[in-house]
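The values are calculated or read from the model by the stated rules, or taken from the named source; none is laboratory data. Model, not experiment: these values are computed from the prediction. Counting neighbours? That spans all protein chains shown, and the Cβs are built from the backbone with ideal geometry, glycine included.
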Amino acid sequence: MARGKVRHFDPKAFLAQSGVGRTLLQYKKRQAIFAQGEPADAVFYIQKGRAKVTVVSNQGKEAAIALLGPEDFVGEGCITSHQPQRIASATAITECCVLRIEKQAMLNVLHRENAFSDLFVAYLVMRNNQIQEDLVDQLFNSAEKRLARTLLLLGRFGKEGRSEIVLPKISQETLAEMVGTTRARVNFFMNRFRRLGFIQYNSGGLEIHSSLLDIVLHD
């Protein structure tokens, strides 16, 4: 009796295309992906582009808490029973291609496919580690060093062996929110980085050189 063919599940293929419970969506720059207070009914996976996550306090003050890019999940808190509504907003800061995965479809694949569960858990651990590093950075490092680290993280410095990275244009107000300082301070440090040759503005956005690491590593 011939053996049946073993089914192979590819998490990357699952995240690359639409299907049952999965929809590919296109977002324009500044378009909302979801808003704080809306029903938390889906997880989003960024295929292309960049998005920011913001929170508005009861007093109406808005703060950017994350800037995300390709291969990042956003809105993943919906898979728990403790988050029936969005606790933050996600907005495209460039044109984005995003896969929307309905909550039940996400739960199904997590329960059914170990390969996908492993990928998702690894991502959550990485994000948790980054949040802890961000907290340490906020508590102990200068605003200049925090800004340098933020720029390197946004460009995913070192990924695929790149020594230079180009970021889409991001406002200094957004960077100030991320770093926890004022726009004036961000402007001062960005001008300093440019004079020292660590960054360069061009038509494609902001070019960041590996030498910016000197700011992060310098005591």
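What the table below lists for this structure:
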{"item": "Residue match in region 22-41 (condition: among the small types (Gly, Ala, Ser) and part of a strand (DSSP E or B))", "result": "yes"}
{"item": "LEU213, sole failed condition from (1) of a type in the set (A, V, I, L, M, F, W, C); (2) under 21 Å from the mean Cα position of the chain (by Cα); (3) at pLDDT below 85", "result": "(3)"}
{"item": "Positions within region 143-173 being buried (at least 18 other Cβ atoms within 10 Å of the Cβ), among the small types (Gly, Ala, Ser) and modelled with pLDDT under 80, in sequence order", "result": "GLY155"}
{"item": "Single residue of region 7-16 satisfying the filter (without any contact (Cβ under 8 Å) to a residue 24 or more places away in the chain and either part of a loop (DSSP other than H, G, I, E, B) or of a type in the set (A, V, I, L, M, F, W, C) (or both)) that is nearest to GLN47 (Cα to Cα)", "result": "ALA13"}
{"item": "Wholly enclosed strands (runs of 3 or more DSSP E) of region 123-219 bearing at least 3 residues within 29 Å of GLU76 (Cα to Cα)", "result": "164-167"}
{"item": "Output for region 7-29, where each listed residue is modelled with pLDDT under 90 and at positive phi", "result": "none"}
{"item": "Filter pass, PHE188 being surrounded by 12 or more Cβ atoms within 10 Å (Cβ to Cβ) and touching a residue at least 40 places away in the same chain (Cβ under 8 Å)", "result": "no"}
{"item": "Evaluation of PHE44 against (1) in contact (Cβ under 8 Å) with a residue 60 or more places away in the chain; (2) in a strand (DSSP E or B); (3) of a type outside the set (Val, Ile, Thr) (one fails), failing number", "result": "(1)"}
